[in-house]
2 protein chains.
Amino acid sequence: MSEEVKIYAIIVAGGSGKRMGSSIPKQFLLLDGKPVLMHTISRFVAAYPEVECIVVLPESQIEFWRKLCRDYQFTLKHHIAIGGETRFDSVKNGLAALPALAGVVAIHDAVRPFASSQLIRACISQAQHSANAVPALPCVDSVREIDEHGVSKIVNREKLRMVQTPQCFSVAQIVEAYAKASGSHFTDDASVYEANGGTIILIDGEAHNIKITNPFDLELGKLIIQQQE
Amino acid sequence: MSEEVKIYAIIVAGGSGKRMGSSIPKQFLLLDGKPVLMHTISRFVAAYPEVECIVVLPESQIEFWRKLCRDYQFTLKHHIAIGGETRFDSVKNGLAALPALAGVVAIHDAVRPFASSQLIRACISQAQHSANAVPALPCVDSVREIDEHGVSKIVNREKLRMVQTPQCFSVAQIVEAYAKASGSHFTDDASVYEANGGTIILIDGEAHNIKITNPFDLELGKLIIQQQE
């Protein structure tokens, strides 16, 4: 059955890398000798060789990315969509590039290059059954919530889950959710889906499935790759 | 002025290491060739050479720890207090070992060996002025909250802070808070202080100030030590 369902991955590269202390956007930084984004695409192809990947990039970065692909002889097939002002706009552009309102789509941060095949498959399989699946982890730290006066109060961390990507959805349902969403303040796709009345299905995420957000994460990344090999 | 204020550190080693896939409690695992707990104590002595350290250990581990200190020729002075059933009980025992109701105390997880001198000093200094200080970081992931039916909803992550240690307090005030607290369900000292009517002062934590909770964290730890050197 599942072979017949078309699987897409929208890989969203939004950031300009301003927080990296580097003029190179984070998705292009070298991790184990190869740009981060190539690792990320490879993860999806490893999990589903037949996946159709759409990489969403700021327009100004597309030529640079094409050059990187030539330089690194990166031949995994993928489409490119042009990014928007916000992450919300970028995902919307990625969804617009899908050929039909059928199948399942994984929406993933370009700077999360460590999602395992198991995790990607678990999310896609679950979304095939329940129309969506979102990986998340329990919270190991104590958490406080700040009110409008800057005063904080303890929160019950047992109830909290830290959300990751790939966030997977029925194509028809997530396209509808994005079409109907008002505002572009959403921090992830699950919240867009939820705003359209959907109930999110959480599944276990992975501790190693981190975002590359600072130079230290690149060092950490080498370690993760060693451990996964 | 601040030289005259007595500074204490209560370093709490609660866990038995069951999550490590190892029979050695986490605080005794070797990090860069030395037990984690020795790193942690050293951090406080580096920040404040005159600090008085109280290490809280399960009774069954005290002899082993003394042997480790001999084997590793660890000569930094510290007192030992006997741990209780819960973290709450252990901290209470640590507070009972303080000689007077004056000064400032930093309460710290034994398995957080990477707090920098700057962070420790910033927390202690702030607590000298405002009776408490707790390090915390913003939340980089999207966060969901689960209700009693297992259904999750997005939470505004802008308002959340992930709490770390050292959590620093006026000795008199935190002793009072522990004496008056009912129940031992608290996940940290800030929440005990808050339950007694105190308002918590948050200051910037450090990304590297992680807890050692799994074998991967030890590898990560080597990297953090290299970077800090």
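The values are calculated or read from the model by the stated rules, or taken from the named source; none is laboratory data. Owing to the predicted nature of the structure, the values given are computational and were not obtained by experimental measurement. Here the Cβ positions follow ideal geometry from the backbone for every residue, glycine too, while neighbour counts run over all protein chains shown. Side chains included, ligands, DNA and RNA excluded: accessible areas come from the protein's heavy atoms. Shrake-Rupley method; radii C 1.70, N 1.55, O 1.52, S 1.80 Å.
Some observations on this one:
- Any pair with Cβ under 7 angstrom, 6 or more apart, that starts in region A:61-80 at a residue that is without any contact (Cβ under 8 Å) to a residue 60 or more places away in the chain and ends at one that is in a loop (DSSP other than H, G, I, E, B) and among the hydrophobic types (A, V, I, L, M, F, W, C): A:His79/A:Ala97
- Whether a residue is more than 21 Å from A:Val155 (Cβ to Cβ), among the hydroxyl-bearing types (Ser, Thr, Tyr) and within 14 Å of chain A (Cβ to nearest Cβ) was assessed, and B:Ser130 passes this test.
- Scanning region A:188-212 for residues that are assigned to a loop (DSSP other than H, G, I, E, B), of a type in the set (Val, Ile, Thr) and farther than 30 Å from A:Gln227 by Cα returns A:Thr199, A:Ile200.
- Filter result (within 9 Å of another protein chain (Cβ to nearest Cβ), open to solvent by 10 Å² or more (accessible area, probe 1.4 Å) and not in a helix (DSSP H, G or I)) within region B:157-181: B:Arg161, B:Met162, B:Gln164
- Candidate set from region B:187-199 (those that are at the interface with chain A (Cβ under 10 Å from one of its Cβ atoms) and surrounded by fewer than 20 Cβ atoms within 10 Å (Cβ to Cβ)); member that is farthest from B:Ser170 (Cα to Cα): B:Thr187
- The condition (being over 20 Å from B:Phe44 (Cβ atoms), of a type in the set (D, E, K, R) and in a loop (DSSP other than H, G, I, E, B)) is satisfied by just one residue among B:Glu85, B:Glu63: B:Glu85.
- Only one of the listed residues (A:Pro135, A:Pro113) is in a strand (DSSP E or B), in contact with a helix residue (DSSP H, G or I) (Cβ under 7 Å, 6 or more places away or on another chain), under 30 Å from B:Asp217 (Cβ atoms) and more than 7 Å from chain B (Cβ to nearest Cβ). That residue is A:Pro135.
- Selection within region B:200-229 - within 10 Å of another protein chain (Cβ to nearest Cβ), surrounded by fewer than 16 Cβ atoms within 10 Å (Cβ to Cβ) and in contact with a strand residue (DSSP E or B) (Cβ under 8 Å, 6 or more places away or on another chain): B:Ala207, B:Lys222
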